[in-house]
Amino acid sequence: MSTFLQSNTQFNGSPGPKIGPLEGSLENSYSQSPNLHSQVTVLTNTISDEAVRLAVGKVLTDLVFLLDYLSLVAGPRGLGGIKEVVAILNTVRGEAYSLAVFIENHALQLEGIDDSLSETLDSSAYAINHEVRRIFNGEIAHMSLDRGGQETHGTLLHAQGVLTNCFQQCMINLARVFDASLTDARLFQDCQSRRESSLILYHDLSELLALVQAGQKASLSNFPERNLDFLARQLTSFREGSMQSLMYRDWQQYEALSEEIIASIRKKERPTDPLHHMECYLETLLAHVKARSVLADLSLEPVSIYEKSDIS
């Protein structure tokens, strides 16, 4: 690779050359994930074939640095911060493509690699190319940098999330070729925080669904007005809070449905159809959140509508 993700000739887990203007930020990010770097070092040192060890070490190290660099995206919201985030993502795009080229033109051409390693490297190169193209030829390509609003920031956070998931999955798949006992939780320090945020999201979605179902279950003509007012407040509260943990592509539909319900309530109307549409949509969102890998070991059930049918 041509820039900051180049590994040393002899892989030993140490970082490659520093990055220009964002050097300090990357160094701080690197220092926050020593466990991941040390695990990569330990893992690659178990590979007996030197050529394979160097190639796999380079791929894993590059993935670590890509993840470190993506971790810088989460902060700024102003216009200047947005432009900095775009610069970070553009660097990630170039280096990710370079990594895919290295895998295809070097790692996969090594003699003696077994089928499992070959398939994993091949699928990693494909996933990296596919996800990077999808992100940069999609929402980001049509994004306006003239304003630093919620929509722009959401687009960038969505891009960060997609790329982070891609690189983490490539990393865990490759690591498991050499140590089948490795788990996401062992490799990635943010696994617990992602699990906690997903649990909070699931709980909030479940409660919101129960409230919507209570309105659907009752005859709306008899549904207390105070309950409708409470529903309107909860819809707004979710939009300002837990909605941020949804994938960005889900924001717009939630906002449209909730605004329709809230507008009807403010007009003292009974939002029968919008409530039904919201119920179906929340059920879909709950299923998607429940399917997240960080919650795979849990048995989650939505809140019963009877538990939430008398909201004050």
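The values are calculated or read from the model by the stated rules, or taken from the named source; none is laboratory data. None of these values were measured; they are calculated from a predicted model. Cβ sites come from the backbone with ideal geometry, for glycine too, and all protein chains shown count toward neighbours.
A few comments on the model shown:
- When residues in the stretch 102-122 are screened for being in contact (Cβ under 8 Å) with a residue 24 or more places away in the chain and either within 16 Å of T61 (Cβ to Cβ) or surrounded by 15 or more Cβ atoms within 10 Å (Cβ to Cβ) (or both), 9 of them pass.
- Selection status of E95, under 21 Å from the mean Cα position of the chain (by Cα), assigned to a helix (DSSP H, G or I) and surrounded by fewer than 20 Cβ atoms within 10 Å (Cβ to Cβ): no
- Flag for L89 being more than 27 Å from H158 (Cβ to Cβ), outside any loop (DSSP other than H, G, I, E, B) and in the same structural domain as L54 (by TED's automatic domain parsing): no
- Qualifying positions in the stretch 244-301 - touching a Ser or Thr at 6+ places or on another chain (Cβ under 8 Å), modelled with pLDDT of 85 or more and over 21 Å from S197 (Cα atoms): S258, I262, P274, M278
- You will find that of S48, S38, S71, S29, the residue that is surrounded by fewer than 17 Cβ atoms within 10 Å (Cβ to Cβ), modelled with pLDDT under 90 and in the same structural domain as Q169 (by TED's automatic domain parsing) is S38 and no other.
- Any hit, the stretch 130-152, residues being in contact with a helix residue (DSSP H, G or I) (Cβ under 7 Å, 6 or more places away or on another chain), polar (S, T, N, Q), buried (at least 19 other Cβ atoms within 10 Å of the Cβ) and part of a helix (DSSP H, G or I): yes
- Per-region count, the stretch 169-186, residues β-branched (V, I, T) and in contact (Cβ under 8 Å) with a residue 40 or more places away in the chain: 1
- The residues on offer are S193, S219, and the sole one that is at pLDDT below 85 and not in a loop (DSSP other than H, G, I, E, B) is S193.
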